[in-house]
C-alpha cells in the first residue's frame, strides 16, 4: 500500500473501532438497565465522578508500583480477569437473546460463560492484534454502557472534564502516563486498540513498543475497571524555529517518521471515556429520540458521538504529523461540545443539558 492508502486505512479502522464501542454501548443500555447493572444508588450525584477519579489515581499508583517491582504478570492477570468479567456482562445479555429460541435458559447462560472465558483464554495464549481489538470493543462497549447508566448527565460531564485535565497534566506535566503506557503496552492486553499500518503486521511478533507512533495508558475502576488512556506520539520535539530553507526538509523527516510505523496504538480509555457521555445522554434524556433499530439514540447522544469522532480525526491528524498530544482533551472536548449542540437542537436549555 502507498502512504496515502495506509493513512486512510489506519484512520478509517480507528473510526470504526470507536463507532463499534459507541454503538455497542448504546445497544447494551436497555438490557443492562433491566438487569439492574447500575453501579450506584444515585446516578445524579456528581460525587460519584470524584470518587471514580480517586479510585483511578490509586489504581494508577498501584500499577506503576507493580511495574517498578517486576509484578507485570500480576497486572496482566488482573486485567485479563477484568476483561472476562465485563465480557460476561455483555454476553449474558447478548447470547440468551440470540439462542433463546433454540436452547433452555440454563444452556444460554452457560454459553455466555464459555464465551467470556474464551475471551480470557485468547488474551492469555494468543493476543494477536485482532484478538486485542475484538476484546477491546466488547470490553469498551460493556464498560461504557455500565458507566453510562451509572453516571447521570452532570456526573458524566464532570467526569469527562476532570479526566481531560488529568490526561493533559499526566502527559505534558508529570509524564507518569507515559511510564504507565510503556508498562501496559508490552503486556499485550486490551487496554489499547491496535491499528495495523501494514498487511503483514503481527502484534505477537512485535518486540518493544518504544517505536510506536501512539501509546495508550490505562486506569481501573472499582467495579467495572474500564481502561482510561492518554494519547502521545514518540516523535522528537520540534525546534521552536527553523530556517526557511530547512523547513521542507524538517517536514519531510517528520512525515517519514510518522509513516515509518507498522501500527498505531490508542488507549482503550480514549474510546470509552467520551462514550460514557454518549451512553448517559441516551439513558437519561428522553428528548429528540431517533428511530434506530437495536440501539437507544437521541440527538444529544448523536451529537456527543459525532463530536467524539471529530475530536478523533483532529487527534489522528496531529499524531500523524508527529506531534505529541494527550487524547482526552480533544476527544472529551469534542464529545461535550457535540452533546451540547445536540441538546440545544432538541430544544433543551443549557441548564437542563448539564443536569441542573
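Of note:
- Qualifying position, being assigned to a helix (DSSP H, G or I), touching a helix residue (DSSP H, G or I) at 6+ places or on another chain (Cβ under 8 Å) and either over 23 Å from residue 17 (Cα atoms) or touching a residue at least 40 places away in the same chain (Cβ under 8 Å) (or both), among 58, 84, 90: 90
- The lone exception for residue 128 - which of (1) crowded, with 23+ Cβ neighbours inside 10 Å; (2) out of contact with any helix residue (DSSP H, G or I) (no Cβ under 6 Å at 6 or more places or on another chain); (3) under 20 Å from residue 263 (Cα atoms); (4) at pLDDT 85 or above it fails: (1)
- Here the range 327-356 is the region considered, the condition is being closer than 20 Å to residue 12 by Cα and either touching a strand residue (DSSP E or B) at 6+ places or on another chain (Cβ under 7 Å) or without any contact (Cβ under 8 Å) to a residue 60 or more places away in the chain (or both), and the residue that is surrounded by the fewest Cβ atoms within 10 Å (Cβ to Cβ) is 330.
- Those residues of the range 24-46 which are in a helix (DSSP H, G or I) and in contact with a helix residue (DSSP H, G or I) (Cβ under 8 Å, 6 or more places away or on another chain), in sequence order: 24, 25, 26, 27, 28, 29, 31, 32, 33
- The listed residue being at pLDDT 85 or above, part of a helix (DSSP H, G or I), in contact with a helix residue (DSSP H, G or I) (Cβ under 8 Å, 6 or more places away or on another chain) and buried (at least 24 other Cβ atoms within 10 Å of the Cβ), out of 193, 160: 160
- Per the listing 21, 7, the residue uniquely within 23 Å of residue 156 (Cβ to Cβ) and either in contact with a helix residue (DSSP H, G or I) (Cβ under 7 Å, 6 or more places away or on another chain) or assigned to a helix (DSSP H, G or I) (or both) is 21.
- Here residue 344 clears all of (1) at pLDDT below 95; (2) within 19 Å of residue 26 (Cβ to Cβ); (3) in a helix (DSSP H, G or I) except the condition numbered (2).
- Here the condition is being over 30 Å from residue 265 (Cβ atoms) and either in a helix (DSSP H, G or I) or within 22 Å of the chain's Cα centre (by Cα) (or both); of 97, 118, it holds for 97 alone.
- Among the residues making up the range 147-157, a single one is outside any helix (DSSP H, G or I) and surrounded by 24 or more Cβ atoms within 10 Å (Cβ to Cβ): 151.
The values are calculated or read from the model by the stated rules, or taken from the named source; none is laboratory data. None of the values given here were measured: they were computed from a predicted structure. Glycine also receives a Cβ, built like all others from the backbone with ideal geometry; neighbour counts cover every protein chain displayed.
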